[in-house]
Amino acid sequence: MHQLTLAEIARGLADKKFSSEELTKVLLARIAQLDPQLNSFISLTEELALEQAKAADARRANGESGALLGAPIAHKDLFCTQGIRTSCGSKMLDNFKAPYDATVVSKLAAAGTVTLGKTNMDEFAMGSANESSWYGAVKNPWNLEHVPGGSSGGSAAAVAARLLPAATATDTGGSIRQPAAFTNLTGLKPTYGRVSRWGMIAYASSLDQGGPLARTAEDCAILLQGMAGFDPNDSTSIDEPVPDYAAGLNGSLQGLRIGVPKEYFGAGLDPRIADLIQNSIKELQKLGAVIKEISLPNMQHAIPAYYVIAPAEASSNLSRFDGVRFGHRCEDPKNLEDLYKRSRGEGFGAEVQRRIMVGAYALSAGYYDAYYLKAQKIRRLVKNDFMAAFNEVDIILGPTTPNPAWKLGAKNSDPVAAYLEDVYTITANLAGLPGLSMPAGFVDGLPVGVQLLAPYFQEGRLLNVAHQYQLNTDWHTRTPTGF
């Protein structure tokens, strides 16, 4: 049963081949057996899962149906879950139990999903390797000596190892797409505002976006259907109708215009990944797509702009964790200043402290115009490049990452080297565009992803292209040895 996709689970439940309770018990046992190798979960919610599974079975017995009714999933541990620890991978929130459900959690629960637990992540979603978590690094099931990508590495590793069929994740600069590429999954970052951020603990508010991680584009369509939609509690949520993503998967790609930016194939890209991307392009051409070279001239400025804007927003968002109202509090503070300093110094890890300091500096008097304001101007130029490109093409294609997953610890002494791995993904967050990564092959036994970008609210187009590609390739069906 652990090999079933979300779509196959929906059909199996509808045909009464098994119950949600039976499936949930199988997966919980599998997590108990295999997750010690991976460290992909921070919290397991066995009692809740079995309760939800029984409720889903009862709803089906009463005549209800639905693609997510009885489907087991997990949530990245920055989605608030009522009465359950929501840690953000940090010592700061190790003792925090959310008093309410995030909108994504409540929407999926209403659809009948079964929550198996909360997945490990880079601390406060800051990282590209899932090594900054206070609960320890997550291992890549394709090679336990390598990283699974971050910050949604726990969700990615759990799904790739077949511990569950799908999981929620978030993407601030590539944190859904990069782990998807590193673990042979399909991961979708929706348009900014498509999925509610209410109850999703913020890293960088203008960049963060929740989305699905699964093995296939079809499964991502099913999970996104349950996640997406307007939320009056979220001021950045956009009141845009949510199409039936699953119904749009079978559209023809005949005449689809695919843009390939020349800037994507520079010196930093592993030539073996470049070859796999060219193979993906040929597959899509066989399906009727038309390829056109385009240019995104301001892409070279995206990383420095992102690493000013994101830390600036993080320094503001994380100021609430002060040891006063919730979260970690130091022992026996001498005064208020000591309480702030020691609580934050003990509660936050090195990477989070680094980004808070960078952000505070960029926003400080005398430096705001030189750094933050300039970065926002570059952000607009990046968006303008995409708008011009989408006048000529329907989607943009390229590599998800410049290299396959690196070894655990390999980039710990050089944070900038890890930041450069986000070169292809952060532009979608700066512009607010939807992006998808799908499996495209292997380099040295490690998975590689191809990235697709589309105009605003065209998630359906991305899912359609990925689904048609997956009907004609089998990369996404490969399973890591031992899982």
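The values are calculated or read from the model by the stated rules, or taken from the named source; none is laboratory data. Please read these numbers as outputs of a predicted model, since none were measured by experiment. All Cβ positions, glycine included, derive from the backbone under ideal geometry; neighbour counts span all protein chains shown. These area figures cover heavy atoms from the full protein model, side chains too; ligands, DNA and RNA do not enter into them. Shrake-Rupley method; radii C 1.70, N 1.55, O 1.52, S 1.80 Å.
When you check G359 against the structure, is it surrounded by 15 or more Cβ atoms within 10 Å (Cβ to Cβ) and outside any helix (DSSP H, G or I), yes or no?
no
Restricting attention to the stretch 45-69, and to residues there that are within 24 Å of A157 (Cβ to Cβ) and in contact with an Asp or Glu (Cβ under 9 Å, 6 or more places away or on another chain), which single residue is most open to solvent (accessible area, probe 1.4 Å)?
My answer is L50.
Just to be sure I understand the filter: pairs with C-beta atoms under 9 Å, separated by 6 or more residues or on different chains, first member in the stretch 88-103 and within 22 Å of A228 (Cα to Cα) and touching a residue at least 12 places away in the same chain (Cβ under 8 Å), second member in a loop (DSSP other than H, G, I, E, B) and basic (K, R). Which pairs pass?
Cβ pairs passing all conditions: A102/R197; T103/R197.
Could you tell me which of the residues R342, R325 is farther than 30 Å from F386 by Cβ and crowded, with 18+ Cβ neighbours inside 10 Å?
R342
Within the stretch 292-310, can you find the residues that are assigned to a strand (DSSP E or B) and buried (at least 17 other Cβ atoms within 10 Å of the Cβ)?
I294
Given the residues I42, I31, which is the only one that is outside any helix (DSSP H, G or I), touching a strand residue (DSSP E or B) at 6+ places or on another chain (Cβ under 9 Å) and either surrounded by fewer than 20 Cβ atoms within 10 Å (Cβ to Cβ) or β-branched (V, I, T) (or both)?
So the residue among I42, I31 that is outside any helix (DSSP H, G or I), touching a strand residue (DSSP E or B) at 6+ places or on another chain (Cβ under 9 Å) and either surrounded by fewer than 20 Cβ atoms within 10 Å (Cβ to Cβ) or β-branched (V, I, T) (or both) is I42.
From the set of residues in the stretch 244-289 that are charged (D, E, K, R) and over 18 Å from M438 (Cα atoms), which is nearest to the chain's Cα centre (by Cα)?
Among residues in the stretch 244-289 that are charged (D, E, K, R) and over 18 Å from M438 (Cα atoms), the one nearest to the chain's Cα centre (by Cα) is D244.
Of the residues that make up the stretch 161-169, is at least one basic (K, R) and under 12 Å from S437 (Cα atoms)?
No: zero hits.
Among the candidates L452, L433, which residue alone is within 19 Å of L223 (Cβ to Cβ) and open to solvent by less than 10 Å² (accessible area, probe 1.4 Å)?
Answer to the selection: L452.
Which pairs turn up if I take residues in the stretch 351-366 that are of a type in the set (G, A, S) and modelled with pLDDT under 95 and look for partners that are open to solvent by 70 Å² or more (accessible area, probe 1.4 Å) and assigned to a helix (DSSP H, G or I) with beta carbon separation below 7 Å, at least 6 apart in sequence or on another chain?
Close Cβ pairs (under 7 Å, with a partner that is open to solvent by 70 Å² or more (accessible area, probe 1.4 Å) and assigned to a helix (DSSP H, G or I)) amount to A362/Y371.
Of the residues E346, E313, which is of a type in the set (D, E, K, R), in a helix (DSSP H, G or I) and under 26 Å from the mean Cα position of the chain (by Cα)?
E313
Being farther than 20 Å from A202 by Cα and either open to solvent by 10 Å² or more (accessible area, probe 1.4 Å) or not in a strand (DSSP E or B) (or both), is that true of even one residue in the stretch 70-85?
Yes, the stretch 70-85 contains a residue that is farther than 20 Å from A202 by Cα and either open to solvent by 10 Å² or more (accessible area, probe 1.4 Å) or not in a strand (DSSP E or B) (or both).
Taking only the stretch 377-401 into account, find how many residues are in a loop (DSSP other than H, G, I, E, B) and open to solvent by less than 10 Å² (accessible area, probe 1.4 Å).
Total satisfying the criteria: 3.
Could you tell me whether any residue of the stretch 413-427 is more than 16 Å from F182 (Cα to Cα) and open to solvent by less than 10 Å² (accessible area, probe 1.4 Å)?
Yes, the stretch 413-427 contains at least one residue that is more than 16 Å from F182 (Cα to Cα) and open to solvent by less than 10 Å² (accessible area, probe 1.4 Å).
Within the stretch 253-288, can you find the residues that are small (G, A, S), in a loop (DSSP other than H, G, I, E, B) and in contact (Cβ under 8 Å) with a residue 40 or more places away in the chain?
Residue satisfying the conditions is G268 alone.
Quick check: anything in the stretch 51-58 touching a residue at least 60 places away in the same chain (Cβ under 8 Å), in a strand (DSSP E or B) and more than 30 Å from N317 (Cβ to Cβ)?
Checked against the condition, which is being touching a residue at least 60 places away in the same chain (Cβ under 8 Å), in a strand (DSSP E or B) and more than 30 Å from N317 (Cβ to Cβ), the stretch 51-58 yields no hits at all.
If only one of R215, R272 is at pLDDT 95 or above, surrounded by fewer than 22 Cβ atoms within 10 Å (Cβ to Cβ) and basic (K, R), which one is it?
Being at pLDDT 95 or above, surrounded by fewer than 22 Cβ atoms within 10 Å (Cβ to Cβ) and basic (K, R) holds for just one of R215, R272, which is R272.
Residue by residue through the stretch 402-430, note down the ones that are outside any loop (DSSP other than H, G, I, E, B) and either under 30 Å from Q254 (Cβ atoms) or touching a helix residue (DSSP H, G or I) at 6+ places or on another chain (Cβ under 8 Å) (or both).
Hits for the stretch 402-430 are P415, Y419, L420, E421, D422, I426, T427, A428, N429, L430.
Give W406, W475 a once-over and let me know the one that is farther than 30 Å from R257 by Cβ and out of contact with any Cys (no Cβ under 6 Å at 6 or more places or on another chain).
Among W406, W475, only W406 is farther than 30 Å from R257 by Cβ and out of contact with any Cys (no Cβ under 6 Å at 6 or more places or on another chain).
For the stretch 431-473, enumerate the residues that are on the phi < 0 side of the Ramachandran plot and assigned to a loop (DSSP other than H, G, I, E, B).
The answer is L433, P434, A454, P455, Y456, Q458, N472, T473.
Looking at the stretch 1-28 only, could you name the residues that are open to solvent by 30 Å² or more (accessible area, probe 1.4 Å) and either out of contact with any helix residue (DSSP H, G or I) (no Cβ under 7 Å at 6 or more places or on another chain) or free of Cβ contacts under 8 Å to residues at least 12 places away in the same chain (or both)?
Within the stretch 1-28, Q3, E8, R11, A14, D15, K16, K17, E22, K25, V26 meet the criteria.
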